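Notes follow the structure.
The values are calculated or read from the model by the stated rules, or taken from the named source; none is laboratory data. Note that the structure is a prediction, hence the values are computed from the model and not measured. Here Cβ is always computed from backbone atoms with ideal geometry, including for glycine, and neighbour counts include all displayed protein chains.
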Amino acid sequence: MNRRKTPRSRAPKGRSRAALGPRKVGPENFKHMIRVTVNGVEREATVEPRLLLVHFIRDVLRLTGTHIGCDTSNCGACTLLLNGRAVKSCAIFAVQADGGEVLTIEGLAKDGKLNPIQEAFWDNHGLQCGFCTPGMIMTAYDFLRKNSNPSEFEIRRAISGNLCRCTGYQNIVKAVAAAAESMRSAKVTVTARRR
Amino acid sequence: MLLLSAFLGDETVLVCQGFMWIFDQSNSMIPRQFQYVAPSSLKDAVSLLREHGEDAKILAGGQSLIPLMKLRLMSARYLVDINHIPKLSYIKEEKDIIKIGALTRHAEIGASKLMKSKLPIMLDAASVVADPIVRNVGTIGGALAHADPSGDWGAIVLALGAELVAVGPKGERRIKAGEFFVDTFTTRLGPTEILTEIRIPSPRKKSGGAYLKLERKVGDFAIVGVAAQIALGDGGICVEAGIGLAGAGPKPIKATLAEKALIGKKMSDESIKKAAKISAENTDPPSDIRSSSEYRKAMVEVFTRRTLQAALDRMAQR
């Protein structure tokens, strides 16, 4: 992690610093210092504007759970949550995440216990080679928060931006449905206990 | 290549060359270097554009721009990120005009109650643009300014008779959707202008609209997409008709002649069939990897018919 003191930027003529966006660093390659909260931990780095978010996550932070599949924003393997919504991190620059919050597959398990979606993928054999799985799970995570009781059709639509080259869709759909159910019943138990 | 063109025709070779060019560059999925600026007001954004002219590109959702930059089919020396400018993302109705901020994401349009009750045609489009994850990021303004001839929103704004608001150094101006699209990936927007708002006249009571898209798989651009919005007067006479076509030419097309054929007539199977025929006859769609020109033309007719019928059905449900 680059934590060195940042040199003053060279602003182009006649342009106030404010208009150039926050914390611009160094004239060489016009790097920016960015601060992103990843899985609850604040991380800082000096990056080139052209660095993609997925490369920042994988190569700079070494969180390699997020995969790169097609690199052309078709396959969804690189899906993660940025400020609460699922995005394809190969089609977003790291500088755009400055000041934001990122959740990756590594951030789902809590205290050594898998997230219900991860659990459901395991139980239902929702993965074959596993390459698309992090993206599938992050998409499902976003989707199930908006729709806690989805139909099979809705699940299929929700994961239509994620490709599984093993064509293991049947079990992925089953896994998402099972996750929805276990999350619903967990909620009921929690509310019952509170009462 | 010359030999190839003798066998395959120039267009096919052009496509092949395009692919080979992409493969040549394929060791690099990293964009060329650029400077990133994130102004916090429209005024600053416009003056940045004025300063850098053609060297600058606007970054909205970036779901077309960033992949194109990665393929190095497009590059910019300055990327002006407008996502930090407040008040560019909204959906509201004021004085019989429905206003959509240019930075509104496709997913937000799809979830809008106002759209659901007033302009369900917008929900049709918002549920078929790209794929669900791209829709979380991509913006309506970005899609319109990108002006892909197969893009969904182009057909929609043409059918709805929308106006597009652009802000530049001289202030604000409004551009009619019918005049907005100039050619493939080319609009009336000047290099120093930013698209800020889409204004759609609130639909009349007795009106309905629909958008149908033919695509091979989720995430594709339309082979053909047809948007239609119609309003009926007394006795089922059509008083307003708007038809927009995606994928049917070098740019999104307003099917003016088909609209004229409907207005003033009673809506019937016959009139719908006739309008669909006219709409197809007056297009000259391109052939590309997705489909041949002939197939597109045939599908313009089929989809115009189905869309008009869907618009009528929707009106009946209201």
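Worth pointing out:
- Of all residues in the range B:41-90 being in a loop (DSSP other than H, G, I, E, B) and within 7 Å of chain A (Cβ to nearest Cβ), the one that is farthest from residue A:71 (Cα to Cα): B:62
- Residue B:100 away from every other protein chain (no Cβ under 13 Å), touching a residue at least 60 places away in the same chain (Cβ under 8 Å) and under 26 Å from residue B:160 (Cβ atoms): yes
- Test: residue A:102 is crowded, with 19+ Cβ neighbours inside 10 Å and within 12 Å of chain B (Cβ to nearest Cβ): no
- Residue in the range A:123-144 that is within 14 Å of chain B (Cβ to nearest Cβ), closer than 21 Å to residue B:136 by Cβ, touching a residue at least 12 places away in the same chain (Cβ under 8 Å) and not in a helix (DSSP H, G or I) present: yes
- Test: residue in the range B:213-222 that is farther than 19 Å from residue B:245 by Cβ and not basic (Lys, Arg): yes
- Among the residues making up the range A:99-143, those that are touching a Lys or Arg at 6+ places or on another chain (Cβ under 8 Å) and closer than 19 Å to residue A:38 by Cα are A:99, A:142.
Here's the yes/no breakdown for (1) more than 9 Å from chain A (Cβ to nearest Cβ); (2) of a type in the set (D, E, K, R); (3) surrounded by fewer than 24 Cβ atoms within 10 Å (Cβ to Cβ):
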residue: B:107; (1), (2), (3): no, no, yes
residue: B:110; (1), (2), (3): yes, no, yes
residue: B:122; (1), (2), (3): yes, no, no
residue: B:125; (1), (2), (3): yes, no, no
residue: B:132; (1), (2), (3): no, no, no
residue: B:137; (1), (2), (3): no, no, no
residue: B:140; (1), (2), (3): yes, no, no
residue: B:145; (1), (2), (3): yes, no, yes
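- Number of positions in the range B:192-235 that are on the phi > 0 side of the Ramachandran plot and touching a Ser or Thr at 6+ places or on another chain (Cβ under 8 Å): 1
- The test for being touching a residue at least 24 places away in the same chain (Cβ under 8 Å), within 14 Å of another protein chain (Cβ to nearest Cβ) and surrounded by fewer than 21 Cβ atoms within 10 Å (Cβ to Cβ) holds for residue B:218.
- Contacts under 7 angstrom Cβ, first residue in the range A:64-89 being at positive phi and within 9 Å of chain B (Cβ to nearest Cβ), partner among the hydrophobic types (A, V, I, L, M, F, W, C) and part of a loop (DSSP other than H, G, I, E, B), 6 or more apart: A:71/B:29; A:76/A:163
- Exactly one residue out of A:47, A:38, A:54 is more than 8 Å from chain B (Cβ to nearest Cβ) and in contact with a Lys or Arg (Cβ under 7 Å, 6 or more places away or on another chain): that is A:47.
- Against the conditions (1) buried (at least 22 other Cβ atoms within 10 Å of the Cβ); (2) more than 21 Å from residue B:289 (Cα to Cα); (3) in the same structural domain as residue B:258 (by TED's automatic domain parsing); (4) touching a Lys or Arg at 6+ places or on another chain (Cβ under 7 Å), residue B:197 satisfies every one except (3).
- Enumeration of residues in the range A:95-122 that are of a type outside the set (D, E, K, R), touching a residue at least 12 places away in the same chain (Cβ under 8 Å) and in a loop (DSSP other than H, G, I, E, B): A:99, A:100, A:104, A:108, A:115
- Residues of the range A:151-166 that turn out to be of a type in the set (S, T, N, Q) and within 13 Å of another protein chain (Cβ to nearest Cβ), as a count: 2
- Selected residue [in contact with a Phe, Trp or Tyr (Cβ under 7 Å, 6 or more places away or on another chain), modelled with pLDDT of 95 or more and over 18 Å from residue B:211 (Cβ atoms)] from B:81, B:148: B:81
- Strands (runs of 3 or more DSSP E) enclosed by the range B:136-253 - at least 2 residues per element that are in contact with a strand residue (DSSP E or B) (Cβ under 9 Å, 6 or more places away or on another chain): B:163-168, B:171-176, B:194-201, B:207-214, B:224-232, B:238-246
- Checking each residue in the range A:37-80 for being in a strand (DSSP E or B) and surrounded by fewer than 21 Cβ atoms within 10 Å (Cβ to Cβ) picks out A:37, A:38, A:41, A:42, A:43, A:44, A:45, A:46.
- For the range B:257-306, the set of residues classified as surrounded by fewer than 15 Cβ atoms within 10 Å (Cβ to Cβ) and either touching a Phe, Trp or Tyr at 6+ places or on another chain (Cβ under 9 Å) or touching a residue at least 60 places away in the same chain (Cβ under 8 Å) (or both) consists of B:289 only.
- Checked against (1) surrounded by 20 or more Cβ atoms within 10 Å (Cβ to Cβ); (2) more than 14 Å from every other protein chain (Cβ to nearest Cβ); (3) within 21 Å of residue B:112 (Cα to Cα), residue B:202 passes all but a single condition, namely (1).
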